[in-house]
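**Student:** First the structure, then my questions, so here it is.
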Amino acid sequence: MIFETATRKTDTMERNPRIWRCLDERYDFDRRPLIMGILNVTPDSFSDGGTHNAPEDAVAHARRMRAEGADIVDVGGESTRPGFDETGVTLEEERRRVMPVVRALVAEGFVVSVDTSKPELMREAAEAGAAILNDIRGFELPGALEAAAATKCGLVVMHRSLEVIESGAVETVERYLEARTEAFRTLGVDEERICWDPGVGFGKTVEENIALMAHSRRLSAHHPLMVACSRKSSIGAVTGEKVPTDRVPGSVAAAMLAVEAGAGVARVHDVRETRQAFQVLEAFRRAAPGAFA
């Protein structure tokens with residue numbers, strides 16, 4: 001864990017957009033950001049596909065990430081790399097990949113996030129003890145909204161594609177995420193459970209992706225904000241690095257700048273490097289109170 005243990009509160013208060021509730025935990029991003037370590041149990045993810053397919057390999061990598069400073073481990077069994085098949089993997093295959101790892105990590109006390117769009121898997125993951133449901137499709141598949149709402153998990157709602165840009169990328173994404181939040185609100189979901197993800201790398205230009213991260217303060221004024229830019233092509237476009245694993249320094253810089261601009265969660269492949277960057281940022285904040293967010 002970095003800096004200090006995240007605050008856990010139980011008192012009732014007016015909703016604070018810097019608070020995120022996941023099961024019985026309430027994380028205060030005014031205290032510190034969280035690091036979400038990426039654990040892909042897929043054969044074809046863009047950066048690390050096939051590396052952690054076996055459950056024992058996946059659990060070992062999760063342990064390494066926790067030792068390096070990850071607060072959350074995000075388990076994903078369906079690749080969403082550029083050009084991925086929209087039909088996705090079958091429920092049975094995704095369940096086979098994901099659930100043994102989820103159960104093993106929960107048994108070891110990990111805070112587990114499950115990256116899925118399938119309502120059946122959302123229910124199973126929540127019943128197994130997952131703390132967070134992370135859906136790149138914004139809980140839009142039939143039954144997903146209701147399945148997620150029926151749990152007590154924290155919910156990461158992501159924007160997918162800027163097919164229709166009405167008044168700029170930031171405002172369009174903001175409007176979409178607010179509409180999805182309203183859909184949860186109508187089902188009685190506590191808004192403290194909702195975290196926004198602007199969907200860096202999904203159906204957007206490099207300029208739009210950078211603008212969304214740069215406007216983290218605006219987006220985080222509504223709800224906790226997660227930035228997920230790790231090793232993505234937008235970082236490569238800015239730095240000139242074509243190989244995903246060569247984009248680590250740029251990815252860490254983007255995550256740190258997004259956190260400085262208001263993001264509360266960084267979803268990353270490279271936990272140790274990100275933790276060090278956040279520690280340096282925190283040292284700067286302590287040395288010059290008020291000069292940094």
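Coordinate-derived values only; no laboratory data. Remember, predicted model here, so these are calculated numbers, not experimental data. Every residue, glycine as well, gets a Cβ built from its backbone with ideal geometry; the counts of neighbours run over all protein chains shown.
**Student:** In the chain, which helices (entire DSSP H runs) extend 15 Å or more along their own long axis, judged by Cα positions, while averaging at least -1.0 on the Kyte-Doolittle scale?
**Tutor:** Passing helices, by number: 91-107, 169-186, 248-260, 271-287.
**Student:** Taking neighbour counts of Cβ atoms within 10 Å as a proxy for exposure, in what order, fewest first, do Arg96, Arg231 appear?
**Tutor:** By the 10 Å Cβ count, ascending, the order reads Arg96, Arg231.
**Student:** Pick from Gly154, Gly168, Gly264: which is most flexible by mean-square fluctuation in a GNM of the chain where alpha carbon atoms under 10 Å apart are linked?
**Tutor:** Gly168
**Student:** Once you have the Cα-Cα distance between Ala67 and Ala214, take 0.36 nm times their residue separation minus that, and quote the gain in nm to one decimal.
**Tutor:** Using 0.36 nm per residue and subtracting the Cα-Cα distance, I get 49.9 nm.
**Student:** Taking the radius of gyration and the Kirkwood hydrodynamic radius from Cα positions alone, what is the Rg/Rh ratio for region 20-287, to two decimal places?
**Tutor:** We get a ratio of 0.93 for region 20-287.
**Student:** Rounded if a/c is under 1.5, else prolate if a/b is larger than b/c, else oblate: which is region 140-244, with a ≥ b ≥ c the root eigenvalues of its Cα gyration tensor?
**Tutor:** Verdict is prolate for region 140-244.
**Student:** About the Cα centre of the chain, how large is the charge dipole given +1 on each Lys and Arg Cβ and -1 on each Asp and Glu Cβ? Please answer in debye to the nearest 20.
**Tutor:** Here the size comes out at about 720 debye.
**Student:** How much length, in nm to one decimal, is gained on full extension between Val238 and Glu25, taken as 0.36 nm per residue of separation minus their Cα-Cα distance?
**Tutor:** The span from Val238 to Glu25 would gain 73.0 nm if fully extended.
**Student:** For Cα pairs less than 8 Å apart in space and 6+ apart in sequence, what is the mean separation divided by the residue count of the chain, i.e. the relative contact order in percent?
**Tutor:** 18 percent
**Student:** Projected onto the charge dipole of the chain (+1 at Lys/Arg Cβ, -1 at Asp/Glu Cβ, origin at the Cα centre), which of Leu91, Ile194, Ala214 gives the Cα projection farthest towards the positive end?
**Tutor:** So the residue furthest toward the plus end is Ala214.
**Student:** Still on this structure: So, by mean Cβ neighbours within 10 angstrom, what's the order for 23-32, 249-258 with the highest one leading?
**Tutor:** Going by the mean number of other Cβ atoms within 10 Å, highest first, we get 249-258, 23-32.
**Student:** Give me the number: length gained by fully extending Ala253 to Leu91, i.e. 0.36 nm times residue separation minus the C-alpha to C-alpha distance, one decimal in nm.
**Tutor:** Between Ala253 and Leu91, full extension yields an extra 54.7 nm.
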